[in-house]
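Below you'll find the structure, written out as C-alpha cells, and then a few comments.
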Amino acid sequence: MINDVNNLGSIIEINAEERDLRLVGLPNEENEFVYAKTFLQKSSTDTGANLYDHLSEVLNKILSERPENVVDFFEEYSRKIKEKRFKPLTDHLEDIYVEPGRYRQANRLMPLLKPLPPEEPSTLDPEDLERADMTKNNMLDLLSYFELAGLGLPRTEMFCLTMSMRQLIRVEPIAKIRFWGKIFGMNKNYIIVETELKDEEYSKRNENYNPLPDSKIEDIVGDQLETITKAQLAGEGEPPKLWEVLPPLPQIQYEEPPEPPSEPSGVGANKNVYYVCSEIGEPWVQLPDVTPKQIRVARQIYKTFTGDLDQPIVSYPFFPGSERNLLRAQIARISAGTHISPLGFYTFGGEGMGEGGEADEEEEEGNKGEIKENPKYDPVPIKDLTDRSMMFWVHHNHHILNQGRTTWWNPNPLPETGLDEELGEEEEEAKPVVMGPEPETGPPLLTPCSEDVTLDAIPAWSVRSSSGVAEEFAVAIVRSNFWPGAYSFATQGKMFHNVYFGSGLKTMVPNFSPMPLPPVEQDYPMGPEIMEIVDPTGAEEEAWRIAHLPKEKPPKLVGEEEMPEEEEEEEDEDEDEDE
Amino acid sequence: MNLNEVLDSLHVSEQSGHVISTEEGIILHNSLLILQNENHFRKIFFWGRICGTDNDYYVVYGYRSDALHDRIFYYSTNCLNWGLLPKPKDYALKLTPLCTARFQGDPALVLDVLLEKDEISFGDPLPEPQVKKLKEEDRLSATVHLINQEVAVVPRGALYKRTDGVIVENRAFEGLTPLEARELKSFLHFRQPTRKWNTNLLTRDDYNYAIDFLDPLDVDIPEGCWLQNFTAGEEMVVLKSLYWPGMVFFHEIKTPKYGFVYFGTGIKCLDVPFFLNGLYPVYEDFFQGK
C-alpha cells in the first residue's frame, strides 16, 4: 500500500517534469509553485500526515494566538498540533460533557443551595423548637475579617458553609453554633464547627454517664497477652526434664494508676460538642466526648491527621481510640490553649442568674467560674488590644490540667460519684483532706494572656494591627506561637472570634522526641536462682576439680575414675541453666 | 506567585488557610510594580511571608532574562521598603538548620546559636559546645535559599530551555492534563538540577530536551513526603511538602496558571518520620489476634 502511494507520487512527479520539459522548457513562477506545493503535500509514509497541512495549521494557531517571541517556541507549537492530531476526540464509551470531579461537586452542593422546606406544625413546646442563633454566623462577614487577618477559605466555600450550618441546626439539638476552624490532613481536611447542645440533650446523655473509664482496650491487650502465653505453654509440650516443678508464672508488678473519670457531657473539656466534615455538602459527623487519658496521650504523641476518621493511631504510648478521638483531643487542647477574648467581654456570672430550677446548680458552678457575656461590655481600644504585653486579652476556656481534666479529680475514692462529683470536690476544697496527693490547679478563668508562660524564649502570642494605613477600620489580630494556625481577632466594635487553620500540631522546641520506653520490670523477686554471677574460668574449674578429687581412696580401674567427673559436669550445666 | 495573582489569592489559599489581605495585596501590587521598574525585571513574583514574633518578612523575587539562574530576591518587613536579600553565606547555611529560635522580625538582630558537642557541620566534630553568632538577615537569606532548593516546584513543561541555554517561561504551556496531574513526576524542582542531565532525561519515555532538564519530585525521600491534593471540584492540584509546612504549590489543571507561595515560620520540620504510619499493618494484625 505504502509502496503504491510512493510510486504514485513519483509517477506524478515524473509526468510533471516530462510535461514541463516538453511544453515550456523554461522555469516558470507558477510551475515552481506547483512543484513546491506538490512536494509539501506529499504524505509521510509512516503517519500519513503532510507538511503542507501541518504548516498551515501551525501558522493558523500562531496567527490566532499571536504569542510573543514565538520563534523560541516554534517546536513546541508544532509538537502540540501534532499531538492533538493523534488524540481521538470522541473515544469514550459514554460522552463526557462535564469533568467528573466538577460534576460530583455540583451534585453535592445543590441540596444546600435549595431553600429550606417550610416547617411542619408541631405539637411540641415552642421553646423546644428554638434553634441556635445563626445571626453571628454569616461566614461571608467573618471572611472579611479573616481576610484582614491574612486567613481565609474560598468565598464559595464560606458561603456553602453557612448554608450547611443552617441545615445542621435543623436536624440536631443545637443551642449555639460557631465556626471553629479547619484542620489540614494528609489526604483530606476537616472543617469543624463548635456547638453547644440544648440542656435536655446534655442531661439525656448524662443519664448513662459512667464515671469509671472504659477499660475495654486494656482488656483486649491483656487477653491477647494471655492467649499468647497459653499458646507458648501448650506448644512446649513436655516440660524439660531438669525441672520437676515449673516455677510460677511471673506476675505483673506494675499497677496502673487509677484513671480519672471523664468529665460528663457539657462540662469542662466536654463542654462543647464538635461536628466535622471533610468537604462542604458531606454529612456532618459528631465527634465523641474526650476522656482524660486521650488528652494525656495526645500530649505525648505527634501525629498528623490523615483525613479518615476511622484511621487507627499507631503510636507509643498507646492511644485509646481512632483518629476521631485524637481529633477531638487536639480540638480540646487547642480550644483550651488558644481561645481568648478581650478583657471584659465575659464576666463571672454568679448572682445575676435566676432561671428557675437550674439556678442552684448554675450558681454553684458560677462560684467556681461559670462565665457569661457581659452586657455592659465597653470595647477595649485597639491600641490596648495590640499591646505587646497581652494584658487586655483573657482566656475564657478552662485550662486542662496534667490529669487531662479541667477540674482536679482526687484519685483517692470519694463517697460521691457521678454527677455529684463536682459538688463533692467543692466540699473537699472547703475542708481539705489531709491525706492524698496535692490537688493540681491551673490558672483560673479570665486570666490575662500576659501571664502565659514562654516556651524556650518563644513568646506565647504575637499581636498585630491588621492595617497600618486605615487605623479606623483596623482589627487586632493575635497569633498563637504555640499552636501555629490559631488566630483571634477583635474588632473595634463588640466582636471577636477565635479560629484555627492549621495541621493540629503544637510547636515543639526544638523537635519532637518520642517518649522513652519504661525500665524493664523484674520477672521474679531477687534470689540466688536469678542472681547473675561470673562464670568460673578454666583455671578455677581445674583448681576446683583438683580440690575435690577423691584423695584417700587408692587408685582403681580407669572406668570408675571417670564417674565423679561426669557428675560434676552435670552440676555445672545445671548451674548454667539456672542463670 | 505571579504578581497578578497577589490580588486574588483566595482561591489558592484553600489548602493553607492563609491569604494576602486586600490592603496587603494592594500595597504589594503597587510597590512591586515600582520595584520591577527600578530593577528592570522582566517579571516579578511574590515568594511568601515568613512570620516573626514581632514583624513578618515579605519576600519577593524577579528575573531579568533567565527565569532560573537570574533570580534576585528582595525582602521587606512592611511591604513598602524593599531591601536586597544578600546571597546566602556559607556560615549561615550551616548554622540555619541548627537554629531553633523563631524569627523575630529585625534583620539587624544577632542571634546566638548553640552548637552541641560533636557537631559536624563545620568539619571535624567539636570537642566542646560552642556558641556562634548569626545575623537574622543572613539567616533569612539562607532559609529562603534552602526552601528554594528543597521545595520550590514548577509543573513539567512550564519552563523551557532555549538552544542558547537560557531558561524561559514556556508560552506554549497549556497546563497539565488531569491524568498527568496525578503523577508526582509531572512536577519538577525549581532549582539548579542536581542530577546528571541525561538521568533526568531518560527517566521519562516521552522525554524532551527542552523541558526535562530539571529534577522531578518523585526522587525525594521518603516516599510520601509530598502531599498531593485536589480541590473539591478537581480543578486545581495542590502540592505540599511535609518538610516545610506552609509551602503550597498550586496548578490549575489545563490552564497555564501555576505558582508557589510560602506562609510559615521558616523552620524546617524534622519530625516527618513520626508522621508516616509505616508500621501500621503489623499492629493491626496484633490487635486482631492474628
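The values are calculated or read from the model by the stated rules, or taken from the named source; none is laboratory data. Since we're looking at a predicted model, the values are computed, not measured. Cβ atoms come from the backbone with ideal geometry, glycine included; neighbour counts cover every protein chain shown. These area figures cover heavy atoms from the full protein model, side chains too; ligands, DNA and RNA do not enter into them. Shrake-Rupley method; radii C 1.70, N 1.55, O 1.52, S 1.80 Å.
Worth a mention:
- The set of residues in the stretch A:66-122 being surrounded by fewer than 10 Cβ atoms within 10 Å (Cβ to Cβ), more than 11 Å from chain B (Cβ to nearest Cβ) and at pLDDT 80 or above consists of A:Lys114, A:Pro115.
- Residue within the stretch B:195-217 that is part of a loop (DSSP other than H, G, I, E, B), touching a residue at least 40 places away in the same chain (Cβ under 8 Å) and closer than 30 Å to A:Thr304 by Cα present: no
- In summary, strands (runs of 3 or more DSSP E) completely within the stretch B:26-113 and bearing 1 or more residues that are buried (at least 21 other Cβ atoms within 10 Å of the Cβ) and of a type in the set (Lys, Arg) occur at B:43-50.
- The number of residues in the stretch B:82-106 that are under 17 Å from B:Gly266 (Cα atoms), without any contact (Cβ under 8 Å) to a residue 40 or more places away in the chain and of a type outside the set (Lys, Arg) comes to 2.
- Count of the stretch B:176-195 residues which are more than 23 Å from B:Arg71 (Cβ to Cβ) and either touching a strand residue (DSSP E or B) at 6+ places or on another chain (Cβ under 6 Å) or not polar (S, T, N, Q) (or both): 9
- Filtered by the rule that a residue be under 19 Å from A:Lys204 (Cβ atoms), modelled with pLDDT under 85 and either part of a helix (DSSP H, G or I) or open to solvent by 40 Å² or more (accessible area, probe 1.4 Å) (or both), the stretch A:264-292 gives a lone residue, A:Gly268.
- Yes/no for A:Arg170 being open to solvent by 20 Å² or more (accessible area, probe 1.4 Å), more than 25 Å from A:Asp310 (Cα to Cα) and more than 14 Å from chain B (Cβ to nearest Cβ): yes
- Any hit, the stretch A:142-160, residues being away from chain B (no Cβ under 14 Å) and either within 27 Å of B:Val248 (Cβ to Cβ) or among the small types (Gly, Ala, Ser) (or both): no
- Among the numbered conditions (1) modelled with pLDDT under 80; (2) within 26 Å of the chain's Cα centre (by Cα), the only one that A:Asn189 does not meet is (1).
- The number of residues in the stretch A:488-526 that are within 8 Å of another protein chain (Cβ to nearest Cβ), modelled with pLDDT under 85 and open to solvent by 30 Å² or more (accessible area, probe 1.4 Å) comes to 5.
- All positions within the stretch B:218-230 that are open to solvent by less than 20 Å² (accessible area, probe 1.4 Å) and in a loop (DSSP other than H, G, I, E, B): B:Cys225
- Under the condition of being in a helix (DSSP H, G or I), β-branched (Val, Ile, Thr) and in contact with a Pro (Cβ under 8 Å, 6 or more places away or on another chain), the residues counted in the stretch A:293-314 number 1.
- Taking (1) out of contact with any Leu (no Cβ under 7 Å at 6 or more places or on another chain); (2) within 14 Å of another protein chain (Cβ to nearest Cβ); (3) touching a residue at least 60 places away in the same chain (Cβ under 8 Å) in turn, B:His18 satisfies each apart from (1).
- Residue selected from the stretch B:159-208 under the condition small (Gly, Ala, Ser) and buried (at least 20 other Cβ atoms within 10 Å of the Cβ), by the criterion nearest to the other protein chains (Cβ to nearest Cβ): B:Ala172
- Number of the exception - A:Asn374 against (1) open to solvent by less than 60 Å² (accessible area, probe 1.4 Å); (2) at pLDDT 85 or above; (3) touching a strand residue (DSSP E or B) at 6+ places or on another chain (Cβ under 7 Å); (4) not small (Gly, Ala, Ser): (2)
- Any strands (runs of 3 or more DSSP E) falling wholly within the stretch A:437-554 and containing at least 2 residues that are of a type in the set (A, V, I, L, M): A:476-480, A:486-490
- The stretch A:470-480: number of residues that are within 11 Å of chain B (Cβ to nearest Cβ) and buried (at least 20 other Cβ atoms within 10 Å of the Cβ): 4
- Of the numbered criteria (1) exposed (fewer than 13 other Cβ atoms within 10 Å of the Cβ); (2) in contact with a Ser or Thr (Cβ under 9 Å, 6 or more places away or on another chain); (3) not assigned by TED's automatic domain parsing to the domain that holds B:Leu214, the one B:Glu116 fails is (2).
- Residue match in the stretch B:134-150 (condition: in the same structural domain as B:Tyr58 (by TED's automatic domain parsing) and in a strand (DSSP E or B)): no
- The residues on offer are B:Tyr63, B:Tyr74, B:Tyr91, and the sole one that is within 30 Å of A:Phe501 (Cα to Cα) and away from chain A (no Cβ under 14 Å) is B:Tyr74.
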